[in-house]
């Protein structure tokens with residue numbers, strides 16, 4: 001008996017495309033129906049949709065009563081976004097057919113493609129009523145709930161699959177799905193517990209990233225760093241890792257390593273505004289002002305409306321006592337209707353330092369609305385009142401600060417001196 005199907009699969013595995021094509025044509029002509037059906041399934045699994053469709057259609061022409069073939073062709077039609085064609089195949093499968101269960105799963109996929117979520121859920125629930133113990137059906141319903149964000153429903157179904165020994169289905173690690181679902185609902189401990197069940201060799205790079213992120217959220221910094229570094233060893237172009245690894249290293253009090261991480265990330269992705277900003281922030285803390293300013297400006301060259309970077313650059317200039325640049329950066333942002341609450345406070349401090357009292361007063365008054373209970377701002381405001389000789393306002397403001405920070409003995413003593421002066 002001929003077996004050109006096997007010849008084709010062997011040729012594909014060896015990368016012999018022309019030989020595989022020849023074997024496929026011979027399989028269509030000479031192989032048995034069973035061999036051709038198995039070949040169609042294998043080709044679809046490998047992504048050879050056109051060849052799989054040809055094989056199924058040939059079989060259907062020979063066996064028009066075989067609903068399993070119609071269901072398979074409907075699935076292929078959905079894959080190619082030929083939704084009307086898929087509907088036509090599915091409409092031919094009756095409730096009495098042995099292929100009806102499979103057709104419901106395909107129909108649910110079709111409904112999802114059309115955005116008919118309620119119809120998709122109905123089809124899957126109907127399939128579950130017909131075959132309540134069938135893992136494939138439970139998995140399909142779990143995947144539906146997972147895709148629609150109904151994670152609690154998905155978790156229950158996935159956990160039941162694990163209990164009956166179904167760990168991997170349709171190339172999906174069920175434990176990984178449960179971990180991801182738990183993470184989505186904020187149950188980090190359970191998420192980690194399930195993701196840790198995956199053997200390192202079986203863990204995808206995306207799953208490693210998720211687990212590392214969860215470790216970092218739980219302040220398990222050593223585990224997070226180790227896993228982030230493992231990801232970058234595997235793929236240094238996975239640039240989402242660099243900002244998180246750097247922050248983890250900063251939390252681990254290793255600023256030198258963090259700065260190197262940010263700069264390495266920029267060598268792979270020079271369009272990453274966040275990496276430029278993080279590099280600038282850390283360079284400034286380490287006293288490398290030139291690198292800090294350069295990176296802030298490069299970030300703004302990429303996105304001149306990135307408010308976080310604008311605010312950071314303004315703070316940088318303010319800290320360097322470059323008050324003109326501070327004012328220029330903030331006013332340019334305000335002209336573009338880019339507003340950050342700290343802008344008023346920074347402008348007040350900059351104008352105060354420049355002895356431009358009218359402008360300083362304007363922005364201190366504006367900042368009072370943004371920071372009515374911020375001890376640091378109120379401290380600055382009290383100093384402003386003190387310098388202007390407005391002792392009553394200074395006293396009222398200091399009282400607010402002391403109420404907020406009762407353990408600050410210096411402020412309490414300053415307030416007491418003021419109160420004594422008022423008594424006199």
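Just so it is clear, none of the values below were taken in a lab; they were calculated from the coordinates. The shown structure was predicted, so the numbers you read here are calculated from the model rather than taken from an experiment. All Cβ positions, glycine included, derive from the backbone under ideal geometry; neighbour counts span all protein chains shown.
Structure data summary
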| item | result |
| --- | --- |
| Qualifying residue in the range 78-85 (condition: without any contact (Cβ under 8 Å) to a residue 60 or more places away in the chain, over 25 Å from residue 112 (Cα atoms) and assigned to a helix (DSSP H, G or I)) | no |
| Lone qualifier among 299, 257 - being in a helix (DSSP H, G or I) and buried (at least 19 other Cβ atoms within 10 Å of the Cβ) | 299 |
| Of all residues in the range 97-135 being over 33 Å from the mean Cα position of the chain (by Cα) and in a helix (DSSP H, G or I), the one that is surrounded by the most Cβ atoms within 10 Å (Cβ to Cβ) | 103 |
| Residue list for the range 49-65, restricted to those being part of a loop (DSSP other than H, G, I, E, B) and free of Cβ contacts under 8 Å to residues at least 12 places away in the same chain | 64, 65 |
| In the range 279-296, residue surrounded by the most Cβ atoms within 10 Å (Cβ to Cβ) [restricted to those that are farther than 20 Å from residue 330 by Cα and in contact (Cβ under 8 Å) with a residue 12 or more places away in the chain] | 279 |
| Pick from the range 246-263, criterion touching a helix residue (DSSP H, G or I) at 6+ places or on another chain (Cβ under 7 Å) and free of Cβ contacts under 8 Å to residues at least 24 places away in the same chain, ranking: farthest from residue 212 (Cα to Cα) | 263 |
| Subset of the range 1-41 (residues that are closer than 22 Å to residue 73 by Cβ and surrounded by fewer than 16 Cβ atoms within 10 Å (Cβ to Cβ)) | 21, 25, 29, 32, 33, 34, 41 |
| The range 221-230 - residue that is surrounded by fewer than 22 Cβ atoms within 10 Å (Cβ to Cβ) and touching a residue at least 24 places away in the same chain (Cβ under 8 Å) and, of those, nearest to residue 185 (Cα to Cα) | 221 |
| Answer residue from the range 333-343, given it is in a helix (DSSP H, G or I) and in contact (Cβ under 8 Å) with a residue 12 or more places away in the chain and is nearest to residue 417 (Cα to Cα) among those | 342 |
| Scan of the range 232-244 for residues that are part of a helix (DSSP H, G or I), surrounded by 14 or more Cβ atoms within 10 Å (Cβ to Cβ) and in contact (Cβ under 8 Å) with a residue 24 or more places away in the chain, ordered by number | 241, 242, 243, 244 |
| Hits in the range 302-330 (condition: over 29 Å from the mean Cα position of the chain (by Cα) and exposed (fewer than 14 other Cβ atoms within 10 Å of the Cβ)) | 319, 321, 324 |
| Conditions (1) assigned to a loop (DSSP other than H, G, I, E, B); (2) surrounded by 13 or more Cβ atoms within 10 Å (Cβ to Cβ); number of the one not met by residue 401 | (1) |
| From 346, 355, 417, 383, residue being loosely packed, with under 13 Cβ neighbours inside 10 Å and part of a helix (DSSP H, G or I) | 417 |
